[in-house]
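Here is the structure we will look at, set down as structure tokens.
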Amino acid sequence: MAPLWKQAVGSTIHCAAGDATGIIVAAAITGYFGLRMGTDIWVEYAVGFLFGLFIFQALFMKDMMNMSYGEAVRSSFLPEWMSMNAMMAGMLPTMVLLMSRDMRAMEATSPWFWASMSAATLVGVVVAYPVNWWPVKHQLKHGMGTERALGKGGAPVAAEHQHAGMAMAGMTHAAPLAASAPAGHAMPGMRMEGDGQVSAGRKALVTVLTLVMLAAGYYVAARYGDLSMRPGQPMNMPQMAMPGMTH
């Protein structure tokens with residue numbers, strides 16, 4: 001799991017598991033209430049972000065980061081916001097364009113809804129990957145790794161050797177292994193130190209870039225899709241004059 005790209009893949013999948021799941025749940029509920037698409041997408045954005053931050057990041061990862069729940073929320077807020085912006089930048093136009101062409105996809109009772117959401121999630125993962133790569137590289141966000149290197153209660157290498165009857169070998173190699181841990185790997189029981197390594201200016205720049213990505217996704221949706229549509233509303237069809245009709 002040492003390669004950075006593998007850790008970033010794990011981070012992106014985790015982002016999709018939290019953010020995209022929140023978006024899909026919100027879309028199913030808003031579809032029931034018949035909200036117009038222009039309102040729907042921002043409800044989905046808010047629910048996806050809150051779901052990802054408070055559950056998939058802070059709650060599920062606090063033990064791995066050796067933090068309290070409140071500390072995990074504060075530490076995860078910015079990287080999670082970056083990830084959410086990128087995920088929505090890919091999902092938003094995909095959802096709107098597909099639903100504009102077949103409005104059955106706005107209703108969770110239709111298989112077209114799940115097909116559209118699946119396609120949107122895949123596009124969101126592709127768009128979100130580079131945005132997840134950056135915070136993982138700078139240890140602002142966890143990457144994919146083994147339990148020993150990143151997981152909750154991961155035992156130090158020395159303890160593993162001792163458990164296998166190799167206590168002396170474990171004591172000898174524990175320090176060198178800790179010193180040579182691959183970049184992006186947090187040793188067990190240690191907090192992630194990325195906040196001290198990345199300047200506020202660089203964080204702000206990357207955050208602005210993700211907002212630009214989100215704005216671009218919204219532009220594509222508004223330009224080529226229909227943000228005024230509602231679930232159950234008949235599709236706009238061009239009017240055709242019938243023979244013999246007078247105006």
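Every read-out reported here was derived from the displayed coordinates using simple, explicitly stated rules and does not represent laboratory data. Since the structure is predicted, the reported quantities are computational estimates derived from the model, not experimental observations. Heads up, the Cβs are rebuilt from the backbone with ideal geometry, glycines too, and the neighbour counts pull from every protein chain shown.
What to note about this one:
- Taking the listed residues Thr30, Thr109, the one that is part of a helix (DSSP H, G or I), polar (S, T, N, Q) and either more than 16 Å from the chain's Cα centre (by Cα) or more than 19 Å from Ala222 (Cβ to Cβ) (or both) is Thr30, with no other qualifying.
- Screening the candidates Leu122, Leu140 for the property of being under 27 Å from Leu211 (Cβ atoms), among the hydrophobic types (A, V, I, L, M, F, W, C) and surrounded by 20 or more Cβ atoms within 10 Å (Cβ to Cβ) yields one hit, Leu140.
- Here Ile23 clears all of (1) surrounded by fewer than 16 Cβ atoms within 10 Å (Cβ to Cβ); (2) under 18 Å from Ala108 (Cβ atoms) except the condition numbered (1).
- Failed condition for Phe54, given (1) more than 30 Å from Gly232 (Cβ to Cβ); (2) surrounded by 20 or more Cβ atoms within 10 Å (Cβ to Cβ): (2)
- Among residues of the stretch 118-135, those that are touching a Leu at 6+ places or on another chain (Cβ under 9 Å) and either farther than 15 Å from Met84 by Cβ or free of Cβ contacts under 8 Å to residues at least 12 places away in the same chain (or both), counted: 2
- Among the residues of the stretch 68-101, those that are free of Cβ contacts under 8 Å to residues at least 60 places away in the same chain and surrounded by fewer than 19 Cβ atoms within 10 Å (Cβ to Cβ) comprise Ser68, Tyr69, Gly70, Glu71, Val73, Arg74, Phe77, Arg101.
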